[in-house]
Amino acid sequence: MPHSHIIITNESLRAVYDKFASALNRTEINVLGVAATMAAYAHGQEWLDHVLEIIEDNYSYLRDMLNEKAPAITVCDLEGTYLVLLDLRKCVDQTCVKEFIQDKCRLAVDYGEWFGENFKGFVRLNLATDPAYVRQAVDNIVNQLSNCN
């Protein structure tokens, strides 16, 4: 059901985006994706409200617990998405972030350097998930940081 929406109201900007996107991947319409999108717009408000609440609660928990138990980690502001950046540069050597997060904390994340050299030492976590996974992630990070010190 591959389908997504990007709403760009500026026509010239939309034309630039369309040209760029069509060069990257397939852009034809998927009928099942269209039907799912229609159902989501018509009947998905309750689900969306619940997911947004989960994201906000997960973010608050992550921010509060890391500020308390691992203050060297900077939890970046959540800016309109379900993905949050953590800046580990004050507590994990930038060359060891993957080893620390993946091997020691046993977490699957997006690594900052995937988004550019300026983000080396950062990781990006998904907050649109079961709160138990976020609690486990925080516990793993805090426990592994204390093992390093």
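Can you pull out the residues in region 26-51 that are over 19 Å from residue 6 (Cα atoms) and free of Cβ contacts under 8 Å to residues at least 12 places away in the same chain?
Residues satisfying the conditions are 43, 46, 47, 49, 50.
Could you go through region 67-84 and let me know if any residue there is of a type outside the set (Val, Ile, Thr), touching a Ser or Thr at 6+ places or on another chain (Cβ under 8 Å), open to solvent by 70 Å² or more (accessible area, probe 1.4 Å) and free of Cβ contacts under 8 Å to residues at least 60 places away in the same chain.
Taking every residue of region 67-84 in turn, none turns out to be of a type outside the set (Val, Ile, Thr), touching a Ser or Thr at 6+ places or on another chain (Cβ under 8 Å), open to solvent by 70 Å² or more (accessible area, probe 1.4 Å) and free of Cβ contacts under 8 Å to residues at least 60 places away in the same chain.
Are there any pairs with C-beta distances below 6 angstrom linking a residue in region 112-135 that is closer than 15 Å to residue 92 by Cα to a residue that is of a type in the set (Lys, Arg) and in a loop (DSSP other than H, G, I, E, B), with the two at least 6 apart or on different chains, and if so which?
112/120; 113/120; 121/89
Give me the residue from region 74-102 that is in a loop (DSSP other than H, G, I, E, B), under 25 Å from residue 51 (Cβ atoms) and hydrophobic (A, V, I, L, M, F, W, C) and, out of that set, farthest from the chain's Cα centre (by Cα).
76
Within region 32-41, is even one residue under 17 Å from the mean Cα position of the chain (by Cα) and open to solvent by 80 Å² or more (accessible area, probe 1.4 Å)?
no
Can you name the number of the only condition in (1) more than 22 Å from residue 52 (Cβ to Cβ); (2) modelled with pLDDT of 95 or more; (3) outside any helix (DSSP H, G or I) that residue 139 fails?
(3)
The values are calculated or read from the model by the stated rules, or taken from the named source; none is laboratory data. If you're wondering where the values come from, they're calculated on a predicted model, not measured in any experiment. In this analysis, Cβ positions are derived from the backbone assuming ideal geometry, glycine residues included, and neighbour counts consider all displayed protein chains. Just so you know, the surface numbers come from the protein's heavy atoms only, side chains and all, with ligands and any DNA or RNA stripped out. Shrake-Rupley method; radii C 1.70, N 1.55, O 1.52, S 1.80 Å.
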